[in-house]
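The values are calculated or read from the model by the stated rules, or taken from the named source; none is laboratory data. All of these numbers come straight from a predicted model, not from anything done at the bench. Cβ placement follows ideal geometry from the backbone for every residue including glycine, while neighbour counts extend to all protein chains displayed. The accessibility values were calculated without ligands, DNA or RNA, using every heavy atom of the protein model including side chains. Shrake-Rupley method; radii C 1.70, N 1.55, O 1.52, S 1.80 Å.
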Amino acid sequence: MLGPILHHYDASPFSQKAQKILGIKQLTWHSVEMPMTAPKPELEAITGGYRGTPVLQLGSDVFIDTVAIADALDHFYPKTAALAAGAKLFSDAMGLWADSLFDPVLGSAVALYAADWDEHFYNDRAAVFPHLDFTALPDTRELMAARIIQLARQLDTQLIDGRSFLTGDECTLADVHCWGIFWFVRNGLPHVASELLTLEALSDWADRVEGLDSGERLASDYDVARAALLQPAADLTLFPGALERSSRLNSWWDTPVKVCAVGADRGCVEGILVGQGDRFTSLRVEGSDLPVRHVHFPRQGYDIHRP
């Protein structure tokens with residue numbers, strides 16, 4: 001196998017999370033940089049329509065979102081440091097907490113920078129996050145900053161006993177979920193970042209996560225990614241928590257379905273439902289003159305329905 005291929009762009013906090021995950025796993029990975037805005041035809045051809053960041057490709061298996069990426073790397077690279085073994089519920093809960101932090105962070109970024117964006121970028125961001133009223137956000141800038149600091153204090157309290165990371169001595173997916181959003185605050189929201197410096201435990205923790213390796217990054221391209229699709233797909237029955245075909249989804253197996261992100265427009269994927277378990281929903285995707293591939297979504301944060 002060629003090794004992990006990460007489709008991403010560096011300005012995204014979610015891409016930063018994925019890079020840190022690959023570093024914790026001590027992996028060499030291939031970087032394929034996607035455009036920041038739609039359309040993203042080369043990525044969408046591989047995923048079957050999804051255009052968000054990040055996307056991890058392992059041969060003809062394509063994993064959407066950092067949760068699925070972490071689960072996939074723990075499954076396929078078990079000899080390296082575990083990201084969430086034995087603590088998946090805590091990691092998932094901290095992922096939801098980080099999502100609650102992302103909303104005011106995103107709103108603050110829009111309030112701070114949107115006036116300088118060109119029309120295409122502005123319209124793209126507004127389409128990706130339809131739950132936000134971009135025109136009203138500048139008036140709520142201080143309220144959003146206060147919300148960020150309030151959530152930051154929560155995390156600082158968790159760390160104030162001197163622990164190195166959220167669960168103890170080792171960095172896990174829970175830390176990565178939270179760090180990725182604070183990475184964006186520190187680098188993109190100076191009016192908030194300066195106040196974070198007063199939270200000593202939080203600042204020290206963020207520095208520790210920042211200082212961890214991000215793995216060995218190799219520049220790559222879509223030619224390499226398309227060629228990797230020729231590798232055989234993984235056995236879905238071996239995925240953790242895989243459901244039997246006699247499950248309650250019995251009438252859905254091997255039929256067309258559509259999977260879309262909840263609360264954000266990152267594109268939907270239509271394919272044949274070929275696997276589902278406690279952690280993954282898996283579709284067989286064909287077309288775009290590419291080999292058949294399996295596209296895997298986390299159960300959390302993605303809706304499945306019939307087209």
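Geometric descriptor of region 121-181, per residue, is 107 Å³ (volume of the convex hull of the Cα atoms).
The residues of the chain have, on average, 44 Å² of accessible surface per residue, using a 1.4 Å probe with all protein chains present.
All alpha carbon pair distances within region 1-81 were sorted into 5 Å bins beginning at 0; the resulting P(r) in whole percents reads 3, 16, 30, 27, 16, 6, 2, 0.
Cα centroid distance between region 103-181 and region 45-84, in Å? A separation of 23 Å, based on Cα centres. Its residue count N sets the reference 2.2 N^0.38 Å, and the alpha-carbon radius of gyration of region 162-307 equals 1.38 times that reference.
The angle between the Cα long axis of helix 88-113 and the longest principal axis of the Cα atoms of the chain comes to about 60 degrees, rounded to the nearest 10.
Remark: the Glu170-Asp213 segment gains 14.1 nm on full extension, using 0.36 nm per residue and subtracting the alpha carbon distance. Protection proxy ranking of 158-165, 58-65, by the mean of other Cβ atoms within 10 Å over each peptide's residues and highest first, is 58-65, 158-165. Taking only the alpha carbons of region 249-302, we obtain Rg and Dmax values of 11.2, 32 Å in that order. Between 0 and 90 degrees, the angle of helix 141-159 with respect to the longest Cα principal axis of the chain falls at about 80 degrees.
Take 20-28, 207-215, 32-40, 68-76 and order them by the average number of nearby Cβ atoms within 10 Å per residue, most first; the result is 68-76, 20-28, 32-40, 207-215. Placing one identical point scatterer on every Cα of the chain and ignoring solvent, what is log10 I(q)/I(0) from the Debye formula at q = 0.08, 0.13, 0.14, 0.16 Å⁻¹? These q points yield log10 I(q)/I(0) values of -0.36, -0.96, -1.11, -1.39. Roughly what angle does helix 119-128 make with the longest principal axis of the chain, taking Cα atoms, 0 to 90 degrees, to the nearest 10? The two axes meet at around 70 degrees.
Surface composition of the chain: carbon plus sulfur atoms contribute 53% of the solvent-accessible area (1.4 Å probe, protein chains only, all chains present). Note on surface exposure: Trp29, Trp97 rank Trp97, Trp29 by accessible area, highest first, 1.4 Å probe. Residue separation of Glu142 and Asp204 scaled by 0.36 nm, minus their Cα-Cα distance, works out to 19.8 nm of gained length.
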